Amino acid sequence: MDYDSGIPRIPDYQLSEHQFHLTLDVPAEERTKTINAMVEIIKQENMAPYYKYLSTLDLGFPFDESLYNEMLAHNEEEISQLKSKIKEAEGEEETELDVAGTTTKLAEYYTKIIDRKNATETFKKVLELTSGTGNKIDHLLTLARIEFFFNDFPQVGKHLDAIKGLIEKGGDWERRNRFKAYQGIYLLATRNFTEAAKLLIDSLATFTSTELCSYDQIAQYAIVSGVLSLDRVDLKEKVIDSPEILSIYSSSPDLEPLLNLTNCLYTCQYNYLFHHLLESHDHLLITNKYLHRHASYFLREMRAKAYGQLLESYKSLSIKSMAQSFNISEEFLDQDLCKFIPKKKLNCTIDKVNGIIETNRPDNKNAQYHSLIKVGDGLLTKLQKYGAAVKLSGAERVV
């Protein structure tokens, strides 16, 4: 699907994705194609600072000194003109709004050519000059995109926290909606899949943040976080039967392995699950800059979730039967289960002598009872402390 928010795509997230792809073990032909695509964008936008930055990385990115000097000269001329306009605005006693507007153009130009240091410093000046809540949110979102570009998630988190505070004071619907996508991707990148799923799935129906990622990408992130964190009922309602997900089936063939994995898990077609799981891992997770670091975690958690879902239906099950269900060897299953059982990810034990897996269903009522006692004890302690404080306060007044 093609959506356009109308907001300039600065910095261009595709360059960050291309840069990430150069760190992967890919064929030489594909690597050359990626480099050529990057050079084309860099030349078109005269991104001298980013071109220089790439030459400092261990990516084998070619560096042409004459091309760099040519782009640098263009950058310096443009920056000089923008700085002159800022001085004119300040000298002619223009309003703060006019000064902020011209300074914003300089900050946006630094962002466009991916001069990270100057872009962030100039946007901080812009924020000091800006009074409107909406404009402040826009500038902070741009700063968040800059940090997303360089995978600096601690800084992304700081900018999003600042935006959250402004939105609570009075952000409009469009900015709230964009913030939801930014926050969702941040949570996904920092492995908070449960909270990410809520925001990303909700973003599908009203997605407008095309300056940050494409619609197919936000759908991919929503499915990944959803299949990991949602139970079967919610997975069916919010992902499998989602009108937005259904609408991209035919137009997004790249997402097919992930969609097949989700359907296999829900319909309990475990014999195909590992095939689609590995396809999703190799083609959609390893190759994605936000999901790459979580690829092994995704494999592990999805296996545990599928094993647990199957075992819920049985009091006991032979290792042979379970291995056949997943179309894997008994040896692999035995070793895999032994990784999850000690960590309490699966409620079962293995009878090695008889080759049987016995489930230990948790006693939910007993757990709820103990939880109630614990909460009650905590509340009683607080009330006792409060009562003692009130008595002490009364004694002081009498004296």
Positions within segment 277-322 being open to solvent by less than 50 Å² (accessible area, probe 1.4 Å), free of Cβ contacts under 8 Å to residues at least 60 places away in the same chain and either β-branched (Val, Ile, Thr) or over 21 Å from Gln335 (Cα atoms) (or both), in sequence order: Ser280, Ile319
How many of the residues in segment 165-199 are open to solvent by 50 Å² or more (accessible area, probe 1.4 Å) and touching a residue at least 60 places away in the same chain (Cβ under 8 Å)? 1
Just to be sure I understand, how many residues within segment 271-291 are in contact with a Leu (Cβ under 6 Å, 6 or more places away or on another chain) and assigned to a helix (DSSP H, G or I)? 6
Among Ala89, Ala37, Ala100, the single one that is in a helix (DSSP H, G or I), under 34 Å from the mean Cα position of the chain (by Cα) and surrounded by 18 or more Cβ atoms within 10 Å (Cβ to Cβ) is Ala100
Residue count, segment 5-33 (criterion: among the hydrophobic types (A, V, I, L, M, F, W, C), buried (at least 16 other Cβ atoms within 10 Å of the Cβ) and in a loop (DSSP other than H, G, I, E, B)): 3
Checking Asp161 against (1) open to solvent by 40 Å² or more (accessible area, probe 1.4 Å); (2) touching a helix residue (DSSP H, G or I) at 6+ places or on another chain (Cβ under 9 Å); (3) acidic (Asp, Glu), the condition it does not meet: (2)
Determine which member of the set Tyr307, Tyr297 is outside any loop (DSSP other than H, G, I, E, B) and either modelled with pLDDT under 95 or more than 23 Å from Asp25 (Cβ to Cβ) (or both). Tyr307
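The values are calculated or read from the model by the stated rules, or taken from the named source; none is laboratory data. These numbers were taken from a predicted model, which means no experiment stands behind them. Cβ sites come from the backbone with ideal geometry, for glycine too, and all protein chains shown count toward neighbours. Just so you know, the surface numbers come from the protein's heavy atoms only, side chains and all, with ligands and any DNA or RNA stripped out. Shrake-Rupley method; radii C 1.70, N 1.55, O 1.52, S 1.80 Å.
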